[in-house]
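Engineer: Sharing a structure with you now.
The values are calculated or read from the model by the stated rules, or taken from the named source; none is laboratory data. Just so it is clear, the model here is predicted, and its values are computed rather than measured. All Cβ positions, even for glycine, are placed from backbone atoms using ideal geometry, and neighbour counts span all protein chains on display.
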Amino acid sequence: MSSNPQVLISEVGPRDGLQSVKATMPTPAKLSWIDALYASGIREIEVASFVPPKLLPQMADATEVVRHALTLPGLTVMALVPNLRGAEAALKAGVHKITLPVSASAAHSLANVRKTREEMVEEVRRIDALRRDIAPHVKMEAGISTAFGCTLQGAVAEDDVVWLAGAVIEAGADESGLSDTTGMANPAQVRRIFNRVRAEIGDKAGAAHMHNTRGLGLANCLAAYDVGVRTFDSSLAGLGGCPYAPGASGNVVTEDLVFMFEAMGVKTGIDLNKLIAARAPLMAGLPGEPLYGMTPESGLPKGFVQELAYV
């Protein structure tokens, strides 16, 4: 692993990807996949979400998956939590970081977590109090979902995004990133809103979580990089979406994102060949599931040499 990668690639496939497909990956296959991701140099993985198994049976083994991930040295083990109950379970499981989705869209908030946006800000406050009480070392990110548009209500006011990012930080979150949950963002919009959020909350502005629904995922990541974002969520093979955002296919493909940055000379700390090899345990655990990615299909360009002395 690099001592000085210039961007942090946060792999969300084991959570965002797996909860969005109908099949349930067996636990041993999940652990093998996470091991392969780790072997490539990835050092932050969202491994599970702590939600009722009846809602997301794909995540029923969250505690067991976290327990295994915690054995990998230097890995930041993240989990998504929708509410206080989920946060309590994740904190007791020993995660290093929790992420909480807070929708900028009023309609999506009700569909996704059955709470208003204001109620979610109060939930952040309660989770922060719990965290300070039982696990003060754990970090919390409140990501602003549907920050660039919503399939349920359409346009989302930029003022709402900026207000919400400020509100969750004030309520106790360590950082607040922006998520293109529905794949509606464009690069100009990404630059504009991230700049506004940075002006509001400074260096507490967190990750860019982009979807490739309309083919603009990488362009939007580059736009976010251009205005100072240095953490990017992505999913191996582009698995993932949102079950409560119809038509929101596909996260940004980790392999393509890493290739883009490495080709630009921006160090990720991730070995591309080992990253592409991590598709094998994914395919074994989810046979027949469509996998995406231009770089794995076309291969690395002739003469492309990744400087891996720092890995």
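Engineer: With Gly143, Gly74 as the choices, which residue is touching a Pro at 6+ places or on another chain (Cβ under 8 Å), small (Gly, Ala, Ser) and either assigned to a helix (DSSP H, G or I) or touching a residue at least 60 places away in the same chain (Cβ under 8 Å) (or both)? I'd like the intermediate steps shown before the answer.
Structural biologist: Working: Gly74 fails: touching a Pro at 6+ places or on another chain (Cβ under 8 Å).
After ruling out the rest, the residue left standing is Gly143.
Engineer: Could you grab the pairs with beta carbons closer than 7 Å, sequence gap of 6+ or different chains, first residue in the stretch 195-213 and in contact (Cβ under 8 Å) with a residue 60 or more places away in the chain, second one among the charged types (D, E, K, R)?
Structural biologist: Gly206/Glu141; Gly206/Glu175; Ala207/Asp233; His209/Asp180; His209/Asp233
Engineer: Can you confirm whether Pro82 is touching a residue at least 12 places away in the same chain (Cβ under 8 Å), of a type outside the set (A, V, I, L, M), outside any loop (DSSP other than H, G, I, E, B) and in contact with a Ser or Thr (Cβ under 9 Å, 6 or more places away or on another chain)? Talk me through it step by step, then tell me what you get.
Structural biologist: Working: touching a residue at least 12 places away in the same chain (Cβ under 8 Å): yes; of a type outside the set (A, V, I, L, M): yes; outside any loop (DSSP other than H, G, I, E, B): no; in contact with a Ser or Thr (Cβ under 9 Å, 6 or more places away or on another chain): yes.
No.
Engineer: With the requirement that a residue be surrounded by fewer than 17 Cβ atoms within 10 Å (Cβ to Cβ) and among the hydroxyl-bearing types (Ser, Thr, Tyr), what does the stretch 293-307 give you?
Structural biologist: The answer is Ser298, and nothing else.
Engineer: Ok, one more. Just a yes or no: is a residue in the stretch 47-61 crowded, with 20+ Cβ neighbours inside 10 Å, in contact with a Pro (Cβ under 6 Å, 6 or more places away or on another chain) and either assigned to a strand (DSSP E or B) or aromatic (Phe, Trp, Tyr) (or both)?
Structural biologist: Yes, there is a match, as at least one residue in the stretch 47-61 is crowded, with 20+ Cβ neighbours inside 10 Å, in contact with a Pro (Cβ under 6 Å, 6 or more places away or on another chain) and either assigned to a strand (DSSP E or B) or aromatic (Phe, Trp, Tyr) (or both).
Engineer: Of all residues being β-branched (Val, Ile, Thr) and under 16 Å from Val95 (Cβ atoms) in the stretch 123-142, which is surrounded by the fewest Cβ atoms within 10 Å (Cβ to Cβ)? Just the residue, please. Steps first, please.
Structural biologist: Within the stretch 123-142, the subset β-branched (Val, Ile, Thr) is 124, 127, 134, 138.
Retained after the next criterion (residues that are under 16 Å from Val95 (Cβ atoms)): 127, 134, 138.
Details: Ile127: 26, Ile134: 12, Val138: 18.
Per the stated criteria, the residue is Ile134.
Engineer: Then there's this: In the stretch 110-130, which residues are assigned to a helix (DSSP H, G or I) and at pLDDT below 95?
Structural biologist: Hits for the stretch 110-130 are Leu110, Ala111, Asn112, Val113.
Engineer: If you go through the stretch 1-46 one residue at a time, how many are surrounded by fewer than 24 Cβ atoms within 10 Å (Cβ to Cβ), part of a loop (DSSP other than H, G, I, E, B) and within 15 Å of the chain's Cα centre (by Cα)?
Structural biologist: Of the residues in the stretch 1-46, 2 are surrounded by fewer than 24 Cβ atoms within 10 Å (Cβ to Cβ), part of a loop (DSSP other than H, G, I, E, B) and within 15 Å of the chain's Cα centre (by Cα).
Engineer: I would also like to ask the following. If the requirement is being surrounded by 10 or more Cβ atoms within 10 Å (Cβ to Cβ) and either more than 24 Å from Leu239 (Cβ to Cβ) or free of Cβ contacts under 8 Å to residues at least 60 places away in the same chain (or both), which of these qualifies: Pro281, Pro290? Steps first, please.
Structural biologist: Details: Pro281 fails: either more than 24 Å from Leu239 (Cβ to Cβ) or free of Cβ contacts under 8 Å to residues at least 60 places away in the same chain (or both).
After applying the criteria, what remains is Pro290.
Engineer: Another question, if that's okay. When you scan the stretch 158-237 for helices (runs of 4 or more DSSP H) that lie fully inside it, which ones turn up with 2 or more residues that are closer than 30 Å to Ala39 by Cα? Can you show your working first?
Structural biologist: Values: elements: 158-170, 187-201, 217-226.
Filter on the stretch 158-237 gives 217-226.
Engineer: Please enumerate the residues belonging to the stretch 256-278 that are among the polar types (S, T, N, Q) and buried (at least 21 other Cβ atoms within 10 Å of the Cβ). Steps first, please.
Structural biologist: Initially, the stretch 256-278 is screened for residues among the polar types (S, T, N, Q), giving 268, 273.
Selection gives Thr268 alone.
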